[in-house]
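Peer 1: Can you read through this structure? Questions will come right after.
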Amino acid sequence: MAFSEQFLHAEDMHPIDIVESLAEHRDWEFDRVADDQIAMTIEGQWRNYSITLAWSDYDEMLRMICTFDMDPPKERLPALYEMLNRTNDMCWAGAFSYWETQRLMVYRYGLVLCPDSAATPAQIDRLMSTAVANAEKYYPAFQLVSWGKRDGKEALQVAIAEAYGRA
């Protein structure tokens, strides 16, 4: 049985309760920060990703922020910002930004719901897996621009190339 099928009455569950159950199911380290917020760490191939999800009753929105360390040299910031624009043009859901003060790369997405509707476990699972997949996909390109001093167009070719096998 799929994780999302375990919830017969998910519409009655608070979205953060669903996230907590998902984290427990996947054995992810998490911290229930508040009734409407949860933070966790998910291990990827390239990095560990910190994911925070928060629910807003007022906006009827589940907001997700996925961050990872990125400390490019100051002189490479203009190239990184250009790379972010190129990357965001390729992302249909969510967007990347760089928080210079915290030295964090950020992927954000807000799941906006209609009044009286509920986020499903499958939607939340997809939301989180898409964040990690995009971070994994574009991380090498961000590194090439930041540290390899590559052009953003060239670096993106690494991200959009199909991988065949593993070294």
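Peer 1: Could you list, bin by bin from short to long, the percent of Cα-Cα pairs of the stretch 83-167 in 5 Å steps?
Peer 2: 3, 12, 21, 21, 17, 12, 7, 4, 2, 1
Peer 1: Tell me the volume per residue, in Å³, of the convex hull enclosing the alpha carbons of the chain.
Peer 2: Per residue, the Cα convex hull of the chain comes to 136 Å³.
Peer 1: Report relative contact order for the chain in percent, whole number only (criteria: Cα-Cα under 8 Å, sequence separation at least 6).
Peer 2: For the chain, the relative contact order is 22 percent.
Peer 1: Nearest 500 deg cm²/dmol is fine: what mean residue ellipticity at 222 nm does the chain get from its DSSP H runs of n ≥ 4 alone, each adding -39,500 (n - 2.57), divided by its residue count?
Peer 2: After summing the helix terms and dividing by residue count, I get -12000 deg cm²/dmol.
Peer 1: Right, next: Under a plain spin-label model, where a point goes 7 Å from the Cα along Cα-to-Cβ, how far apart in nm are ASN88 and ASP57?
Peer 2: Spacing of the two 7 Å Cα→Cβ label points: 3.2 nm.
Peer 1: Something else about it: So how tilted is helix 121-146 from the main axis of the chain? Cα-based, degrees 0 to 90, rounded to 10.
Peer 2: Tilt relative to the chain: about 10 degrees.
Peer 1: Please determine, in degrees from 0 to 90 and to the nearest 10, the orientation of helix 77-90 with respect to the longest principal axis defined by the Cα atoms of the chain, where the helix direction is its Cα long axis.
Peer 2: Taking Cα atoms only, the helix is inclined about 50 degrees.
Peer 1: What number comes out for accessible area per residue over the chain if the probe is 1.4 Å? Units Å², please.
Peer 2: I get 59 Å² per residue for the chain.
Peer 1: Turning to a different aspect of this structure: If you fit an axis through the alpha-carbon atoms of helix 15-25 and take the longest principal axis of the Cα set of the chain, what angle between them do you get, 0 to 90°, nearest 10?
Peer 2: So the inclination is approximately 80 degrees.
Peer 1: To continue, here is another question. At 1.4 Å probe size, with the rest of the protein present, what percent of the exposed accessible area of the chain is carbon and sulfur atoms?
Peer 2: Answer for the chain is 48 percent, counting heavy atoms of protein chains only.
Peer 1: So for each of 82-88, 114-120 I average, over its residues, the number of other beta carbons within 10 Å; can you give me the resulting order with the highest mean first?
Peer 2: Averaged packing, sorted descending, gives the order 82-88, 114-120.
Peer 1: FRET efficiency for ARG76 and THR41, Cβ-Cβ distance as r, R0 = 22 Å, nearest 0.05?
Peer 2: Efficiency, rounded to the nearest 0.05: 0.25.
Peer 1: If the chain between GLU24 and ARG103 were fully stretched, how many nm would it gain, using 0.36 nm times the residue separation less the Cα-Cα distance?
Peer 2: Value of the extension gain: 25.5 nm.
Peer 1: Based on the Cβ-Cβ distance of LYS149 and ASP12, what FRET efficiency does E = 1/(1 + (r/R0)^6) give at R0 = 41 Å, to the nearest 0.05?
Peer 2: 0.15
The values are calculated or read from the model by the stated rules, or taken from the named source; none is laboratory data. Values in this document were obtained by computation on a predicted structure and should not be read as measured data. Because the Cβ atoms are built from the backbone with ideal geometry, glycine has one as well, and the counts that use them run over all protein chains shown. Side chains included, ligands, DNA and RNA excluded: accessible areas come from the protein's heavy atoms. Shrake-Rupley method; radii C 1.70, N 1.55, O 1.52, S 1.80 Å.
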